[in-house]
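Written below as structure tokens is the structure these notes are about.
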Amino acid sequence: MQVTELTAFLVPLPLKREIKHASFTRTESINLLIRCKLANGTIGWGEGVPRPYVTGETPEGCLQQLSRSDLQPALTRPASNWPDVISICDELEFHNEADDPRGCGSNSLRCAVELSLLDAFGKHFGQPVSAVVPHVAEAAEIHLKQPRVRYSTTITSSGAKSERISALKMRAYGFAQCKIKVGVNGQDDPSRVARIRRWIGRNVDLRLDANEAWRPEEVIEKMRPLREFGVTCIEQPVAHDEVDALASLRESIGVPIMLDESLTSRMDAKRAIELGTCDLFNLRLSKCGGFLSCLRLAALARASGLGYQLGCHPGESGVLSAAGRHWSSSVRDIRYLEGSYDRHLLTTLPTQEDITFRYGGWAPALDSPGLGVTIREDWLRQNAKAERTFVVDAQ
């Protein structure tokens with residue numbers, strides 16, 4: 001079976017509430033959707049979330065990259081099994097005019113195209129996307145099929161009243177883990193974390209995310225009053241340009257360090273391992289170049305004695321949520337899991353299916369063919385900002 005057509009869409013997804021952290025504030029997410037069509041008419045969907053302050057990509061730039069990329073050599077190959085599909089995905093080469101020293105300049109685009117292929121061929125094979133995992137050679141040591149997964153939550157609100165409401169909601173909903181955004185200008189982080197800890201309870205695992213807010217010379221001092229609240233991790237405390245400094249600070253900070261903005265590719269991962277700048281990787285499907293890349297990065301982390309979480313971008317639709325579910329229900333020892341916020345965060349669900357997590361953050365593994373979700377065509381026609389179709393030459 002062969003791919004015959006790819007169609008790219010840019011779609012704005014309005015959020016129910018403002019998402020604010022030290023690097024950015026947003027009320028909507030402009031996402032890239034890819035529709036893949038096979039020769040027998042089977043349709044697959046993929047999604048990427050371009051973030052210029054993370055990988056340097058923009059939504060419009062992704063369309064330009066796709067239009068200038070020669071994907072014919074990879075997409076004209078037929079596939080009759082998962083190893084064939086993996087080979088096609090690995091052979092995709094995207095045009096990038098800008099310097100790309102970290103190897104992340106087409107990650108969200110690659111993620112969207114790759115997921116559309118995995119979804120389409122999964123449907124053709126009559127198997128869920130998670131069935132590809134045992135066929136990824138590097139993933140042998142991390143593969144573990146699980147019937148359900150448990151998501152964590154995040155508190156981004158500021159102000160005592162809104163923080164109290166958020167924390168009590170999370171406690172009532174039964175979450176076991178919660179992330180708190182810190183480092184936002186004008187906020188007193190020790191007071192905020194103290195209030196949230198008091199309201200959310202002693203038994204919830206709390207971690208912090210600074211989104212590059214601090215300078216290396218102030219990290220230890222910033223963390224000192226926060227450690228007393230039992231936090232289990234600090235995510236990306238410094239800007240990527242200064243991330244190497246964490247190697248000498250790591251032992252003194254007092255809690256494990258997770259890299260996010262500084263962990264986008266295999267090059268980033270190998271440098272972090274060589275320099276010893278972190279204890280965990282924050283893997284996101286879009287940020288890190290797709291489903292297969294994240295499997296390989298998790299395997300690399302495990303082989304190097306590091307942990308990993310599967311994160312998400314605010315504003316992901318059910319396509320990326322479903323992909324994250326397939327990934328997380330197939331991988332062992334995920335330290336934290338984020339995603340599947342769908343109806344809690346999006347004003348409208350673009351997918352026919354609602355796979356939002358349930359009470360306590362629990363969610364079942366997905367076993368329908370492909371990703372198990374489908375974009376609503378009526379919604380797409382009304383909301384797409386741009387659309388481009390690329391025909392694959394028949395062999």
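The values are calculated or read from the model by the stated rules, or taken from the named source; none is laboratory data. Here the structure is a predicted model, which is why all the values come from computation and not from measurement. Please note: Cβ atoms are built from the backbone with ideal geometry, for glycine as well, and neighbour counts cover all protein chains shown. Note: areas computed on protein heavy atoms with side chains; ligands, DNA, RNA excluded. Shrake-Rupley method; radii C 1.70, N 1.55, O 1.52, S 1.80 Å.
Each row is one residue, and each column tells you yes or no for (1) outside any helix (DSSP H, G or I); (2) within 23 Å of Ile30 (Cβ to Cβ); (3) open to solvent by less than 60 Å² (accessible area, probe 1.4 Å).
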| residue | (1), (2), (3) |
| --- | --- |
| Glu93 | yes, no, no |
| Asn96 | yes, yes, yes |
| Pro101 | yes, no, no |
| Cys111 | no, yes, yes |
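How do the pairs read when you match residues in the range 143-172 that are closer than 23 Å to His313 by Cα with residues anywhere that are in a helix (DSSP H, G or I) and among the basic types (Lys, Arg), using Cβ under 8 Å and keeping only pairs 6 or more apart or on different chains?
Once the first residue is closer than 23 Å to His313 by Cα and sits in the range 143-172, its partners that are in a helix (DSSP H, G or I) and among the basic types (Lys, Arg) give Val149/Arg325; Ser158/Arg192; Glu163/Arg192; Glu163/Arg195; Ala167/Arg195.
Do we have Ser321 as of a type in the set (Gly, Ala, Ser), crowded, with 23+ Cβ neighbours inside 10 Å and touching a Gly at 6+ places or on another chain (Cβ under 7 Å) here?
Details: of a type in the set (Gly, Ala, Ser): yes; crowded, with 23+ Cβ neighbours inside 10 Å: yes; touching a Gly at 6+ places or on another chain (Cβ under 7 Å): yes.
Taking the combined requirement at face value, the residue satisfies it.
Kindly indicate whether Gly361 is touching a strand residue (DSSP E or B) at 6+ places or on another chain (Cβ under 7 Å), closer than 23 Å to Gly126 by Cβ and at pLDDT 95 or above. Show your work before the answer.
On the way: touching a strand residue (DSSP E or B) at 6+ places or on another chain (Cβ under 7 Å): yes; closer than 23 Å to Gly126 by Cβ: no; at pLDDT 95 or above: yes.
Against the criterion (touching a strand residue (DSSP E or B) at 6+ places or on another chain (Cβ under 7 Å), closer than 23 Å to Gly126 by Cβ and at pLDDT 95 or above), Gly361 does not qualify.
For the structure I just gave you, tell me whether Ala22 is surrounded by fewer than 18 Cβ atoms within 10 Å (Cβ to Cβ) and at pLDDT below 95.
no
Out of the range 158-210, which residues are over 22 Å from the mean Cα position of the chain (by Cα) and acidic (Asp, Glu)?
Scanning the range 158-210 gives Glu163, Asp188, Asp189.
Within the range 62-74, does at least one residue satisfy the condition of being assigned to a loop (DSSP other than H, G, I, E, B), under 26 Å from Glu353 (Cα atoms) and not β-branched (Val, Ile, Thr)?
To start, the set of residues in the range 62-74 that are assigned to a loop (DSSP other than H, G, I, E, B) comprises 69-71.
Going one step further and asking which of them are under 26 Å from Glu353 (Cα atoms), we end up with none.
No: zero hits.
Scan the range 349-370 and tell me whether some residue there is open to solvent by 40 Å² or more (accessible area, probe 1.4 Å) and hydroxyl-bearing (Ser, Thr, Tyr).
Among the residues of the range 349-370, at least one is open to solvent by 40 Å² or more (accessible area, probe 1.4 Å) and hydroxyl-bearing (Ser, Thr, Tyr), which makes the answer yes.
So the check is Cβ under 8 Å with 6+ separation or different chains; which pairs have a first residue in the range 32-57 that's of a type in the set (Phe, Trp, Tyr) and a second one that's open to solvent by 20 Å² or more (accessible area, probe 1.4 Å)?
Close Cβ pairs satisfying both conditions: Trp45/Arg35; Trp45/Thr374; Tyr53/Ser23; Tyr53/Phe24.
If you go through the range 164-196, how many residues are open to solvent by less than 20 Å² (accessible area, probe 1.4 Å), in a helix (DSSP H, G or I) and either closer than 22 Å to Ala247 by Cβ or of a type outside the set (Lys, Arg) (or both)?
Residues flagged as open to solvent by less than 20 Å² (accessible area, probe 1.4 Å), in a helix (DSSP H, G or I) and either closer than 22 Å to Ala247 by Cβ or of a type outside the set (Lys, Arg) (or both) within the range 164-196 amount to 4.
For the range 277-293, which positions are within 23 Å of Ser106 (Cα to Cα) and either assigned to a helix (DSSP H, G or I) or touching a strand residue (DSSP E or B) at 6+ places or on another chain (Cβ under 9 Å) (or both)?
Phe281, Asn282, Leu283, Arg284, Leu285, Ser286, Cys288, Gly290, Phe291, Leu292, Ser293 - these are the residues of the range 277-293 that are within 23 Å of Ser106 (Cα to Cα) and either assigned to a helix (DSSP H, G or I) or touching a strand residue (DSSP E or B) at 6+ places or on another chain (Cβ under 9 Å) (or both).
Rundown of residues vs (1) in contact with a Leu (Cβ under 9 Å, 6 or more places away or on another chain); (2) over 20 Å from Pro50 (Cα atoms), yes/no style:
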residue	(1), (2)
Asp244	yes, yes
Leu249	no, yes
Val255	yes, yes
Gly290	yes, no
Ala303	no, yes
Gly315	yes, no
Ser330	yes, yes
Glu338	yes, no
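Somewhere in the range 325-347, is a residue polar (S, T, N, Q), surrounded by fewer than 22 Cβ atoms within 10 Å (Cβ to Cβ) and in contact with a strand residue (DSSP E or B) (Cβ under 9 Å, 6 or more places away or on another chain)?
Yes, some residue in the range 325-347 is polar (S, T, N, Q), surrounded by fewer than 22 Cβ atoms within 10 Å (Cβ to Cβ) and in contact with a strand residue (DSSP E or B) (Cβ under 9 Å, 6 or more places away or on another chain).
Would you mind finding the one in Ala167, Ala172, Ala194, Ala210 that is in contact with a Pro (Cβ under 7 Å, 6 or more places away or on another chain) and either modelled with pLDDT of 95 or more or under 21 Å from Lys16 (Cβ atoms) (or both)?
From the options Ala167, Ala172, Ala194, Ala210, the qualifying one is Ala210.
Could you list, in sequence order, the residues of the range 32-58 that are under 16 Å from the mean Cα position of the chain (by Cα) and among the aliphatic types (A, V, I, L, M)?
Hits for the range 32-58 are Leu32, Leu33, Val49, Val54.
Where in the range 307-395 are there helices (runs of 4 or more DSSP H), lying wholly inside it, with at least 3 residues that are of a type in the set (Gly, Ala, Ser)?
The qualifying helices (runs of 4 or more DSSP H) are 318-328.
So Leu117 passes all but one of these: (1) closer than 28 Å to Glu377 by Cα; (2) of a type in the set (A, V, I, L, M); (3) surrounded by fewer than 19 Cβ atoms within 10 Å (Cβ to Cβ). Which condition number does it fail?
Looking at each condition in turn, Leu117 falls short on (3).
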